[in-house]
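The values are calculated or read from the model by the stated rules, or taken from the named source; none is laboratory data. Remember, it's a predicted structure, so these values are computed and weren't measured experimentally. Here Cβ is always computed from backbone atoms with ideal geometry, including for glycine, and neighbour counts include all displayed protein chains. Accessible surface areas use protein heavy atoms only, side chains included; no ligands, DNA or RNA. Shrake-Rupley method; radii C 1.70, N 1.55, O 1.52, S 1.80 Å.
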Amino acid sequence: MASVEDSSPTKMKRKYFNSCGADHYLATWGIRRFEGGNRIGRVEYAPRPIRPLLGECRFPKSLQLSPLSEGKVDVMRSARRTCKPDNSRSTGAWLRRGVLGIAIALLASVGTIVAGGGGAASAAYNPAAFDFWVDSGMGPIKSRILRAADGNTNRVVYALDGLRAPEDLNGWEIETTIPETLASQNINVVMPVGGMSSFYADWVAPSEFFGIPAGTGSSSGSGALGALAEGPGKSYRYQWETFLTENLRWALRDRLGFNPNRNGVFGLSMGGSAALTLAAYHPDQFSFAGSFSGYLNNSAPGMREAIRAAMLDAGGYNVDSMAPPWSAQWLRMDPFVFAPNLVRNGTRLWVAAGSGLPTAVDPPSMGTLNGMGLETLALANTRAFQVRMQTLGGGNAVYSFPAYGIHDWNNWADEATRMIPDMSAHIG
């Protein structure tokens, strides 16, 4: 078992830099930063040891700017973060902090559970990619295909989206340049489009509430108002696992000549959980799976209700239509439960989650605060999954826990970049 962990500095450091653009400041738990147009900003930061879970620390209540002489500025806190000593390593302590992390994440607004926040480099529509339509039990489904630079058809990877997956393009194409990077390294990229709140699973029923069919509610936006609105997976049953492992798989082979075996699959949040599920139950198709900020312990206390709230906000979907509570279908979707499959299959895994601390490019906003709480929840899940794999003797995974990173496309794009060399060596 390999592990990639960033170490954080522990001594006070100071550096100067030229900056430009609109004045703004960002102050986080261990970072102090100021940028001013045509000025020199002084950056001071004294990172404390990073704790793996929320619940031990209090966020600063307010931040102030204090001018210094000679055109310099300093970012100061008016309320300091305080931490309680963490002397416990017991399972009960981890569980208590995990449940508290869930509550904090929900209070921070579960609506952004996989939406991605501001600041990620946006690539949007890539004219080098093309639409690839395939019939399915859900009707015609579009994927976007980007061919490998050398024209090979042997090396194929599927890139899965997050909870708010739109119907026009895949988030990896919209928000990042990762597909282009993969293609330049001679990997064919398959980007399924759509599947909002689906977890890329085969649902037990169309999403509905109280037996009321879709189409009788508001379609003005996401959230509870959209619970009765029309949308994908509401007038028909989501069958995404079947689509990815049957309909799309064989269409890619028959129409493009793509290798249907030893493919890779990776995704963020919802897509990260799904990537592991696909690899667990379809080892002939997927020899590699990557999960970024995935929810990998879905049956932990409070997790089902956290997912319920997130799905309700992201398109108005009912988790009970996906899988009844504690049913065989629900347990089948839980990476913590099916971990023995991954060990037995020998599937190469890349499993990652950020610390929940923002980077320098994450702006001071509610979106950043939400992303911090949500990534902390993902981290708790991912650490639990890591322990589970260790108890099973699984040595087939790389774990990456960068010192900074929230539930945001910046984090996921960086993680994908770190993952690509390992994935490239284990597909085709």
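Below are the figures for this structure:
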quantity: Percent RCO, i.e. relative contact order, over the range 271-428, from Cα pairs under 8 Å lying at least 6 residues apart; calculated: 30
quantity: Longest to shortest principal axis, alpha-carbon extents of the range 337-428, angstrom; calculated: 44, 28, 17
quantity: Nearest-10 value in Å² for the accessible area of residue 303, using the 1.4 Å probe; calculated: 0
quantity: Computed P(r) (all Cα pairs; the range 134-257; 10 Å bins; percent); calculated: 13, 39, 31, 13, 5, 0
quantity: In the range 287-375, the chymotrypsin sites (Phe, Trp or Tyr not before Pro) that fall in loop regions by DSSP, at most 14 other Cβ within 10 Å; calculated: 326
quantity: Per residue Cα convex hull volume in Å³ - calculated over the range 147-187; calculated: 68
quantity: Cut-off under 5 Å, modelled amide H: who pairs with residue 350 long-range; calculated: 289, 290, 291, 398
quantity: The range 270-428: C-alpha pair distances exceeding 25 Å, %; calculated: 30
quantity: Rounded D (µm²/s) - the range 131-202, Kirkwood Rh over Cα pairs, Stokes-Einstein at 10 °C, 1.306 mPa s; calculated: 126
quantity: Relative packing of 181-190, 158-167, 306-315, which averages over residues the other C-beta atoms within 10 Å, highest first; calculated: 158-167, 306-315, 181-190
quantity: Karplus-derived 3J(HN,Hα), 6.51/-1.76/1.60, for each residue of the range 313-320, Hz, glycine and proline x; calculated: 6, 8, x, x, 9, 9, 4, 5
quantity: 5 angstrom amide H check on residue 188, placed H, neighbours 5+ away; calculated: 148, 155, 156, 157
quantity: Hydrodynamic radius of the range 334-382 per Kirkwood, over alpha carbon pairs, in Å; calculated: 12.8
